[in-house]
Amino acid sequence: MKAKKEIHIIITLFGYHPLGDWAGQLFADRQVFSEPGTRVLKAAPGVMLQLCGCGAQAPTYLASTKQPIIAFKVADLEQAIKLAEAQGAKMIERTTDPCTGFSFCYLQLADGSITGCFASV
């Protein structure tokens, strides 16, 4: 039986960023999704790289924060949110996308940085 391929980490870069330009060239043959302004590449097993440039419709808080933004897969999204809030984080967005099968949450940490966590739905 073949092992199920899962996503464990999503690394997102918004706007022009030298790392995104380099990674986009390095992993160009591993593209799994593309739409105007956005490319998703498989950087390594379980690691997706999302490159968002001109045309991507990113929320302001993601586009204006320190890059890259890293989102981690968690087993229990509710518990992860509670733990983060207990450490001073604030939830700034929560969405469920039936098309991808994930529920996402973006948090602003006590130091002002943005991170995300997601779980399968």
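Say whether the condition of being over 16 Å from residue 10 (Cα atoms) and open to solvent by 70 Å² or more (accessible area, probe 1.4 Å) is met by at least one residue in segment 41-54.
Checked against the condition, which is being over 16 Å from residue 10 (Cα atoms) and open to solvent by 70 Å² or more (accessible area, probe 1.4 Å), segment 41-54 yields at least one hit.
Test of understanding: among 91, 48, which residue is in contact with a Leu (Cβ under 9 Å, 6 or more places away or on another chain), touching a residue at least 24 places away in the same chain (Cβ under 8 Å) and of a type outside the set (Phe, Trp, Tyr)?
48
Kindly evaluate residue 111 against the criterion of being loosely packed, with under 11 Cβ neighbours inside 10 Å, on the phi < 0 side of the Ramachandran plot, at pLDDT 90 or above and charged (D, E, K, R).
Yes.
Residues that are within 23 Å of residue 6 (Cα to Cα) and charged (D, E, K, R): does segment 40-62 have at least one?
Yes - at least one qualifying residue is present in segment 40-62.
For segment 57-101, what are the residues that are modelled with pLDDT of 95 or more, among the basic types (Lys, Arg) and in contact with a Cys (Cβ under 9 Å, 6 or more places away or on another chain)?
Across segment 57-101, the qualifying residue is only 73.
The values are calculated or read from the model by the stated rules, or taken from the named source; none is laboratory data. Everything quoted here is computed from the prediction, not taken from an experiment. In this analysis, Cβ positions are derived from the backbone assuming ideal geometry, glycine residues included, and neighbour counts consider all displayed protein chains. These accessible areas exclude ligands, DNA and RNA; they are computed on the full protein's heavy atoms, side chains included. Shrake-Rupley method; radii C 1.70, N 1.55, O 1.52, S 1.80 Å.
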